[in-house]
Amino acid sequence: RDTGLVTLDEGFVNTASTRSAITYLNGEEGILRYRGYPIEKLAEQCDFIETAFLLIYGELPTRDQAEKFRSGIREHTMIHEDMKRFYDGFPTHSHPMAILSCVVGSMSAFYQDSIDPNDPYQVEISIYRMMAKLPTIAAYSYKKSLGQPFMYPNNSLNYCENFLHLMFATPTREYLVDPDFAEALNLLLIVHADHEQNCSTSTVRMVGSSNANVFASISSGINALWGPLHGGANEACVRMLERIANDGGNVRKYVDMAKDKNSDFRLMGFGHRVYKNRDPRATIIKASCDKLLGKLNLDDPLFEVAQQLEEVALKDEYFIEKKLYPNVDFYSGVIYRALGIPVQMFTVLFALGRLPGWLAHWKEMHDNPATRINRPRQIYTGSPERPFVAMNRR
Ligand code: CMC
């Protein structure tokens, strides 16, 4: 198979790195399906745990399978007490994504009975552990930033409700979860759950291809997700909307700046490698924004700015010609703000949503006997062979 020929595809624009049966994405027509089911239907009729089951195991769960999956996850929601000590070592203002990747990485040390990628039983337990503990680990990074005590998970709540409880309850104050908040969060997690071979998922597969365990692979995926061109765009987008709002709401100025090749400013939450049409996730999220803000009777000035920005950009020749549309990160931050989630936690929320996708890809790769270690080639551009220069002659 080594032909000696190497093809260059900078940034993997045309190169498929694998075959996958998980997610279908058609960027020209703006279609996204998980295991054949349109994202719009799943967002409307499913909950996040059913969606996770679908992605990981390939089929929508029966009632019994769903219940078994849910109760299995519930069994693992607490984290090892010693893991909590990690949080003491981090500076108070650490970014929660930095904490998330470290603590997830540490799971390889704490749960050594589920790190063998070749033992199906261990793999199964590691999937439950990851799904169950990520919300707890994530919420503790927020509690750490506030200096508040960590809450134990509440297993009488569903997945989204429990996350909101972990974030916002205190030992002296119960947090009564608003069903509209849990519903909005459920929808956001579903639309983030997978997106085929994106940067973080490819990272999880790349790391996993060396037979690294699932915790190590996912910790790497979290780091890849953090970048502002990927999942970090949701935080960057809201910071940009704040900047525009504080600057008098002059969206035209920022659209022009994004077009200016002498500026490195880009419209965050705009553009996509694969979508050359509207990102279907952005459409679902925008509708959810409308619904939630309407229900809460909330007037978020950033939602106004976002809508104006979208309108101006979509009429602009530059954005039309380059086929740049709002992506998943454009409106999600407005919902997170309405839920009371602080901006530095936005990308952590993306990670919670993307987790089933990472697990599904990691598992698919391991279940495929044709998998080989991922090992891209390169085109060498350095110096040809040259004589060694001794230290006293350099
Ligand atoms: N604002 C202004 N110009 C843009 C933007 C933007 N947001 N996105 C792309 N362009 C221009 C870019 O300058 C380039 O112009 P030219 O052809 O003249 O050099 C052209 O469009 C193609 O862009 P690219 O950077 O070559 O495209 P890419 O496929 O390598 O990058 C992207 C895709 C998403 C990184 C990019 O569109 C971007 O930086 N967007 C802003 C960050 C963002 O919202 N990221 C979230 C992506 S969706 C969620 C996820 O998958 O994590």
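The values are calculated or read from the model by the stated rules, or taken from the named source; none is laboratory data. Just so you know, these numbers come straight off a predicted model, no measurement behind them. Methodologically, a virtual Cβ is constructed for each residue, glycine included, from the backbone with ideal geometry; neighbour enumeration extends over all protein chains shown. Side chains are part of the model used for accessible areas, which takes the heavy atoms of the whole protein and leaves out ligands, DNA and RNA. Shrake-Rupley method; radii C 1.70, N 1.55, O 1.52, S 1.80 Å.
Per residue, what accessible area does the chain have, given a 1.4 Å probe and all protein chains present, in Å²?
Numbers: 19470 Å² over 394 residues.
Counting only protein heavy atoms, the per-residue value for the chain is 49 Å².
Among the GluC sites (Glu not before Pro) in the range 149-199, those placed in a DSSP loop whose Cβ has at most 12 other Cβ atoms within 10 Å are Glu174.
Mean-square fluctuations from a GNM of the chain, with a 10 angstrom spring cutoff on Cα atoms, peak among Asn154, Asn368, Asn262 at Asn262. Counting charges near Tyr318 (Lys, Arg +1; Asp, Glu -1) among other residues having Cβ under 12 Å from its Cβ returns a value of +1. Ignoring lysines fewer than eight residues from Lys144 along the same chain, the ones with Cα atoms less than 26 angstrom from its Cα are Lys84, Lys133. A DSSP coil position with no more than 13 other Cβ atoms inside 10 Å describes the following GluC sites (Glu not before Pro) in the range 34-71: Glu59.
Taking chymotrypsin sites (Phe, Trp or Tyr not before Pro) in DSSP loop states with no more than 11 other Cβ atoms inside 10 Å as exposed sites, the chain has its longest site-free stretch at 1-379. Loop-only check: which trypsin sites (Lys or Arg not before Pro) in the range 1-76 are DSSP coil with at most 12 other Cβ within 10 angstrom? Counting only loop positions with at most 12 other Cβ atoms within 10 Å, the trypsin sites (Lys or Arg not before Pro) in the range 1-76 are Arg1, Arg19.
Dimensions of the range 1-100 along the principal axes, based on C-alpha atoms and rounded to the nearest Å, stand at 52, 41, 30, largest first.
Could you give the semi-axes, largest first, of the ellipsoid that matches the range 212-323, computed as the square roots of 5 times the alpha carbon gyration tensor eigenvalues and rounded to whole Å? Here the semi-axes work out to 26, 20, 15 Å. When the alpha carbon gyration tensor of the range 72-130 is reduced to an equivalent ellipsoid, its three semi-axes come out at 24, 12, 10 angstrom, largest first.
Largest first, the extents of the alpha carbon coordinates of the range 146-247 on the three principal axes equal 46, 44, 28 Å. Counting only protein heavy atoms, what percent of the accessible surface of the range 142-191 is carbon or sulfur at a 1.4 Å probe? Carbon and sulfur atoms account for 54 percent of the accessible area of the range 142-191. The value obtained for the chain, namely the Cα convex hull volume divided by the number of residues, is 202 Å³ per residue. Of the two radii for the range 207-264, the radius of gyration is 1.25 times the Kirkwood radius, both from the alpha carbons; that is the Rg over Rh value.
Stokes-Einstein diffusion coefficient for the range 333-392 at 10 °C in a medium of 1.306 mPa s, Rh from the Kirkwood formula over Cα pairs: what value in µm²/s? D = 93 µm²/s.
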